[in-house]
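First the structure, in the form of structure tokens, and then the observations on it.
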Amino acid sequence: MVGLRGGPDLGDIDGDDGSPGFLASHRRGWVGPLVVAALVSLVAIGLYVLLSGGEDAPPAAQEKPVTPISPTSPAVGSATPATSNPDAATGLALVDGTYRCYRADGADLRLLAALPNKFVVARASGSYLWDDQQGTYSITKNSLSTDTVIFTDIQFTGGPLKDVKALFVDRVRDGDAGKDAGFLTFKDGSNRWCAIN
């Protein structure tokens, strides 16, 4: 049977010439249904993450206490250590160091421009500098984390980013010189994100 555009009708089980149709040739295989199931699962997980935004943390999630820093702290502006803060790999801190910040197009997250803002996280957990102004944050490990990719929900509790929420993704030992690589996306509608290593 021929479809409206002259091509084969994909619903045919048997072709006009008696040969098996498109669906009949894949009817007994296991690869097709497996691929469909995997794609449906990935889409469902992606939609869940997108829609939930990670705001509903599990009740057993741990929060790291805030340790204030000053702009003259040795952790800020000193030579960078050979490894990242080990608390970052467990979801208890942001990766320490100086981040590069960008603005993206809201529709497709295409990079638009580098931002002049300076975001620095000290090795001491719970503190940051945004354009040389001190602030504090709390961090909660997200249940989607694995051993090598850590998802955390950030709530800036003080300083210039106070009351802004963000999602931080840490790729453990996947950055420059074996350090952790990570990025922070702000959930304030600004389409800003910052990356390190």
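Observations, loosely collected:
- Estimated distance in nm for a label pair at Asp147 and Gln133, the labels positioned 7 Å out from Cα along Cα-to-Cβ: 4.3 nm
- By other beta-carbon atoms within 10 Å, ranking Lys162, Lys179 with the fewest at the front produces Lys162, Lys179.
- The fewest-to-most ranking of Cys101, Cys194 by surrounding Cβ atoms within 10 Å reads Cys101, Cys194.
- Sorted by Cβ density within 10 Å, fewest first, the residues Ser138, Ser41: Ser41, Ser138
- Using a Förster distance of 22 Å, the FRET efficiency for Lys165-Thr83 (Cβ separation, nearest 0.05): 0.20
- Evaluating kT/(6 pi eta Rh) at 4 °C and 1.567 mPa s, with the Kirkwood radius of region 88-196 over Cα pairs in the Stokes-Einstein relation, gives 93 µm² s⁻¹.
- Sites Leu115 and Thr90, calculated FRET efficiency, Cβ-Cβ separation with R0 35 Å, nearest 0.05: 0.75
Read-outs throughout are calculated quantities, based only on the coordinates presented, and are distinct from any laboratory measurement. Just so we're clear, the structure is a prediction, and the values are computed from it rather than from any experiment. Cβ coordinates were reconstructed from backbone atoms using ideal geometry, including for glycine residues, and neighbour counts include every protein chain displayed.
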